[in-house]
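Inspection log for the structure reproduced underneath, given as structure tokens.
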Amino acid sequence: MKLIIHGGFFSESSTSQETKIAKQNALERIVKDSYHFLKTHSAVETVVYAVSLLEDDALFNAGIGSQIQADGKIRMSAAIMDGETQKFSGVINIEAVQNPVQVAQRLMQYDDRVLGGIGATNFARQNGFGPFSTEIPQRRKEYEAKLKSLGTGTVGCVAFDQNGKIAVATSTGGKGFEIPGRISDSATVAGNYANEFCGVSLTGVGEDIMSNATASKIVTRVTDGFSLEVAFAKTFNELKAYDGFAGAIAIDHKGNVHHLDSHPSMVFASFDGDNFEVFN
């Protein structure tokens, strides 16, 4: 069993050492808690569990840490993918729910598995997800002062369960001050993709990630026989043509874990029951 999570990027210029350490500690707690959950649950159930914990921590740009858009509202996106069944489900620009990834999980049961905007929010209400404000004072202050950091925060998880099944989930609160209606990569196969051979979750500039079809490229290359390291190297090299900004985490069907970012400032943690690793 293997588990890796990420907490998006942080800005060297605007992130204090205290906040950096707090994020590392939070990632350690969440990855170990989620690994314990993985012992008795499937990969799909575990990635939803882990990302829900990240959404519930205001340190990260998802759920209650989400950024505020140009019109003063918070809209979030999240997706999950089951590597075994190849089912992908997601919500785009959903409003006023606590855990977008859990709404995405509920959509797995339907034929129409990706919903956006008011349709996603209405679906959540109809399925027992009550109104919940994810706005915190810190984000309101940032919005009012028009303070921007990197604007590339996202959270994600890839799990490899006891049966060798892979699943991935990704959630984001946006980049902040974006045009309402902007689509992030997190609820697309460019930012969140898995099959029986590999699962990948991305963070970074959504437009760059979608232009490169990053997650699906990595998974396809692993499926075609490339190692994780080579698949990452080839795919990230293709981002260089337009100075693409991205970071990714992955686990393959052999249990290999890998991560890479184009501008080293991604926060992540991995755990396999014995070995814990946290970076940045």
Pair list, Cβ < 8 Å and 6+ apart or interchain, from the stretch 117-131 residues that are more than 17 Å from Ser184 (Cα to Cα) to residues that are assigned to a helix (DSSP H, G or I) and among the polar types (S, T, N, Q):
Phe129/Gln102
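In this structure, does Ile183 turn out to be under 26 Å from Thr121 (Cα atoms) and surrounded by fewer than 17 Cβ atoms within 10 Å (Cβ to Cβ)? Spell out the reasoning first.
Details: under 26 Å from Thr121 (Cα atoms): yes; surrounded by fewer than 17 Cβ atoms within 10 Å (Cβ to Cβ): yes.
Considered against the rule, which asks whether it is under 26 Å from Thr121 (Cα atoms) and surrounded by fewer than 17 Cβ atoms within 10 Å (Cβ to Cβ), Ile183 comes out as yes.
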Is it true that some residue in the stretch 174-185 is in contact with a helix residue (DSSP H, G or I) (Cβ under 9 Å, 6 or more places away or on another chain) and assigned to a strand (DSSP E or B)?
no
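Please pick out the residue among Ala231, Ala194, Ala269 that is closer than 27 Å to Thr19 by Cα, touching a residue at least 12 places away in the same chain (Cβ under 8 Å) and in contact with a strand residue (DSSP E or B) (Cβ under 9 Å, 6 or more places away or on another chain).
Working: Ala231 fails: closer than 27 Å to Thr19 by Cα; Ala194 fails: closer than 27 Å to Thr19 by Cα.
Going through Ala231, Ala194, Ala269 in turn, just one is closer than 27 Å to Thr19 by Cα, touching a residue at least 12 places away in the same chain (Cβ under 8 Å) and in contact with a strand residue (DSSP E or B) (Cβ under 9 Å, 6 or more places away or on another chain): Ala269.
For the subset of the stretch 91-121 comprising residues that are polar (S, T, N, Q) and over 19 Å from Arg182 (Cα atoms), which member is surrounded by the fewest Cβ atoms within 10 Å (Cβ to Cβ)?
If we filter the stretch 91-121 for residues that are polar (S, T, N, Q), which is where we start, we get 93, 98-99, 102, 105, 109, 121.
Retained after the next criterion (residues that are over 19 Å from Arg182 (Cα atoms)): 98-99, 102, 105, 109.
Working: Gln98: 18, Asn99: 25, Gln102: 23, Gln105: 23, Gln109: 10.
Ranking the candidates gives Gln109 first.
Could you tell me whether any residue of the stretch 36-58 is at pLDDT below 95 and surrounded by 15 or more Cβ atoms within 10 Å (Cβ to Cβ)? Please lay out each step first, then the result.
Taking the stretch 36-58 and keeping what is at pLDDT below 95, we get 58.
Restricting the remaining residues to those that are surrounded by 15 or more Cβ atoms within 10 Å (Cβ to Cβ) gives 58.
Scanning the stretch 36-58 turns up at least one residue that is at pLDDT below 95 and surrounded by 15 or more Cβ atoms within 10 Å (Cβ to Cβ).
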Considering residues of the stretch 156-180 that are at pLDDT below 95 and of a type in the set (A, V, I, L, M, F, W, C) only, the residue surrounded by the fewest Cβ atoms within 10 Å (Cβ to Cβ)
Ile179
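Are there strands (runs of 3 or more DSSP E) fully within the stretch 1-118 with at least 2 residues that are closer than 16 Å to Gly173 by Cα and either touching a His at 6+ places or on another chain (Cβ under 8 Å) or among the aliphatic types (A, V, I, L, M) (or both)? List them.
Numbers: elements: 2-9, 76-82, 88-94, 114-116.
Once the strands (runs of 3 or more DSSP E) in the stretch 1-118 are filtered for at least 2 residues that are closer than 16 Å to Gly173 by Cα and either touching a His at 6+ places or on another chain (Cβ under 8 Å) or among the aliphatic types (A, V, I, L, M) (or both), what remains is 2-9, 76-82, 88-94.
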Restricting attention to the stretch 254-265, does a residue exist that is within 16 Å of Ala190 (Cα to Cα) and free of Cβ contacts under 8 Å to residues at least 12 places away in the same chain?
no
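Give the residues of the stretch 197-228 that are under 29 Å from Gln162 (Cβ atoms), in contact (Cβ under 8 Å) with a residue 24 or more places away in the chain and of a type in the set (S, T, N, Q), sorted by residue number. It would help to see each step written out before you state the result.
Looking only at the stretch 197-228, we keep the residues that are under 29 Å from Gln162 (Cβ atoms), and these are 197-203, 214-228.
Still in the list and also in contact (Cβ under 8 Å) with a residue 24 or more places away in the chain: 197-203, 214-216, 218-219, 222-223, 227-228.
Hits for the stretch 197-228 are Ser201, Thr203, Thr214, Ser216, Thr223, Ser227.
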Taking only pairs six or more apart or across chains, which ones have beta-carbon atoms under 8 Å, a first residue in the stretch 46-71 that is without any contact (Cβ under 8 Å) to a residue 24 or more places away in the chain and under 17 Å from Phe268 (Cα atoms), and a second residue that is in a helix (DSSP H, G or I) and among the small types (Gly, Ala, Ser)?
Tyr49/Ser34; Leu53/Ser34
When residues of the stretch 186-236 are filtered for being under 20 Å from the mean Cα position of the chain (by Cα) and part of a loop (DSSP other than H, G, I, E, B), how many remain?
11
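The values are calculated or read from the model by the stated rules, or taken from the named source; none is laboratory data. Predicted model, so just to flag it, every value in this text is computed and none were measured. Cβ coordinates were reconstructed from backbone atoms using ideal geometry, including for glycine residues, and neighbour counts include every protein chain displayed.
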